Amino acid sequence: WNNAENAQFLVNQGGSIARQGDFGQAIATFQQAKKLSPSIKVPAEDKVKRWAAGGLIEQGENLVQEGKVQEAVDAFEKAKQLDSTWKIPPESWHTLCKYGVYKGAKIVLSACDTAVALAPGNVDFRDSRGVARARMGDTAGAIEDFQASIEATDSAEGKKERQGVIDKLKKGENPFTEN
């Protein structure tokens, strides 16, 4: 390969590295490409940050599903620091909330709050936050979330199930225990 071909390979590799969440290594790879071929086009730094932030969120979602809650939270925090203008999708916050609730409810509660704030009408998001609140001892908050879910769903079975949870919470029982 000539220098231009090697440089293009490095640009492609840098994009892949960025999408895996490693901003620093991606930038270093793009700089290598520029040294080989000064006229080659490399992505703007803000675009590379966005790719890396997205990669970190994806890593965080995978980590929390593996039960590595603190590592997942750290990946989300790193993504926010890397690109503070990019809005993490509500579905990603919900993934962190939903899977982290039984492994570290306290540290994922803010993720639950963020998911609900971004999509307040989403029944699943309210349910997950309700579970987190119940596990943290916030019975009133949990009841509020499950009541909102009842009001937002058309499913008779869903309404009945959530009402059962509310009834248990009102009796001082917590239906959400460790898995």
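The values are calculated or read from the model by the stated rules, or taken from the named source; none is laboratory data. Here the structure is a predicted model, which means the values were calculated and not measured. Note that each Cβ is placed from the backbone with ideal geometry, even for glycine, and that neighbours are counted across all protein chains shown. Keep in mind that these areas ignore ligands, DNA and RNA; they rest on the heavy atoms of the full protein, side chains included. Shrake-Rupley method; radii C 1.70, N 1.55, O 1.52, S 1.80 Å.
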query: Under a GNM of the chain (C-alpha, springs under 10 Å), which listed residue has the highest mean-square fluctuation: Val165, Val64, Val108?
result: Val165
message: I'd like the Karplus ³J(HN,Hα) series for the stretch 77-90: coefficients 6.51, -1.76, 1.60, θ = phi - 60°, whole numbers in Hz, and an x wherever there's a Gly or Pro.
response: 4, 4, 5, 4, 5, 5, 9, 6, 8, 7, 9, 5, x, x
task: Tabulate in residue order the Karplus-calculated ³J(HN,Hα) for the stretch 130-137, using 6.51 cos²θ - 1.76 cosθ + 1.60 with θ = phi - 60°, rounded to whole Hz; enter x for Gly and Pro.
output: x, 4, 4, 4, 4, 5, 8, x
- prompt: Of the listed peptides 65-75, 150-160, 45-55, what is their order by residue-averaged count of other C-beta atoms within 10 Å, with the highest listed first?
  reply: 45-55, 65-75, 150-160
task: Can you pull the one-decimal nm distance between simple spin-label points at Glu157 and Ala28, each 7 Å off the Cα toward Cβ?
output: 5.3
statement: Carbon plus sulfur, as percent of the 1.4 Å-probe accessible area of the stretch 30-83, comes to 45
- line: Sequence order, the stretch 110-127: Karplus ³J(HN,Hα) from phi using 6.51 cos²θ - 1.76 cosθ + 1.60, θ = phi - 60°, Hz rounded, Gly and Pro as x, gives 5, 5, 4, 4, 5, 4, 5, 4, 7, 9, x, x, 7, 4, 4, 5, 5, 4
- request: Set the Förster radius R0 to 30 Å, insert the Cβ-Cβ distance between Thr177 and Glu77 as r into 1/(1 + (r/R0)^6), and round the FRET efficiency to 0.05.
  value: 0.60
